[in-house]
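Contents: one structure, followed by commentary.
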Amino acid sequence: MSTPSQPPPEPLPAGLLQDAAATFGLLSATVRLHLLWLLSHGERDVGTLAEETGQTVPTASHHLGKLKLAGLVRARREGKRQVYVLEDPHVRHIVQLAVQHHQELSGDVRQTKGA
């Protein structure tokens, strides 16, 4: 509800809304959100990510591929290891805010601030 002192927001282009919805769509899969949460705390190789999310390496790789295609993460080779890094600082912030929000709602405020 807007107050008399606030003008209505500018209309958003349909393409921008579709792109934002697509990002939320990617974040709606629990495993992808978990991968991004882990990567928001530092780079990890696919084996470590699979282990930390309770997924198989092929499953983790599949989801990381979707995130990479969307430009949210990037990967590099280190010998035989594929190391992933969260590419988009805005997505890092969204993921951290979402997790922190739900931790606060549930009364579980463990180590999310400044993460």
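Most fluctuating residue of LEU26, LEU97, LEU17 in a GNM of the chain with Cα springs under 10 Å: which is it?
Highest fluctuation of the listed residues: LEU17.
From the phi angles alone, apply the Karplus equation (6.51, -1.76, 1.60; θ = phi - 60°) to segment 93-98 and give each ³J(HN,Hα) in whole Hz, x where the residue is Gly or Pro.
Once θ is set to phi - 60°, the couplings for segment 93-98 become 5, 4, 4, 5, 5, 4 Hz.
Could you tell me the relative contact order of the chain? Use alpha-carbon pairs under 8 Å, at least six residues apart, and round to a whole percent. Provide the component values of the computation, followed by the final result.
Values: 94 pairs, mean separation 24.9, N = 115.
For the chain, the relative contact order is 22 percent.
What is the set of long-range amide H partners of ARG44 at a cut-off below 5 Å, with H atoms built 1.01 Å from backbone N?
Residues meeting the criterion, in which the H sits 1.01 Å from N, are TYR84.
Would you mind working out the magnitude of the charge dipole of the chain relative to its Cα centre, with +1 at each Lys and Arg C-beta and -1 at each Asp and Glu C-beta, to the nearest 20 Debye? Walk me through the intermediate numbers first.
Numbers: 12 positive and 11 negative charges, 82 e Å.
The dipole of the chain has a size of about 400 debye.
Given H placed on each backbone N at 1.01 Å, which residues far from GLU87 in sequence or on other chains put an amide H within less than 5 Å of it?
For GLU87, the qualifying residues are VAL73, ARG74.
Rounded, prolate or oblate for segment 23-106? Axes are the square roots of the Cα gyration tensor eigenvalues, ordered a ≥ b ≥ c, and the cut-off for rounded is a/c under 1.5.
Working: a/c = 1.80, a/b = 1.57, b/c = 1.14.
Prolate shape, in that a/c is at least 1.5 and a/b is the bigger ratio.
Please identify every one of the trypsin sites (Lys or Arg not before Pro) in segment 1-104 that sits in a loop by DSSP and has no more than 12 other beta carbons within 10 Å of its own beta carbon.
Working: sites: ARG32, ARG44, LYS66, LYS68, ARG74, ARG76, ARG77, LYS80, ARG81, ARG92; in loops: LYS80.
The qualifying sites are LYS80.
Measuring from label point to label point, each 7 Å out along Cα→Cβ, what is the ALA22 to HIS101 span in nm?
The two pseudo-label positions are separated by 2.2 nm.
Each value in this text was obtained by applying a stated rule to the coordinates, not by laboratory testing. Owing to the predicted nature of the structure, the values given are computational and were not obtained by experimental measurement. Backbone-built Cβ (ideal geometry, glycine too); neighbour counts: all protein chains shown.
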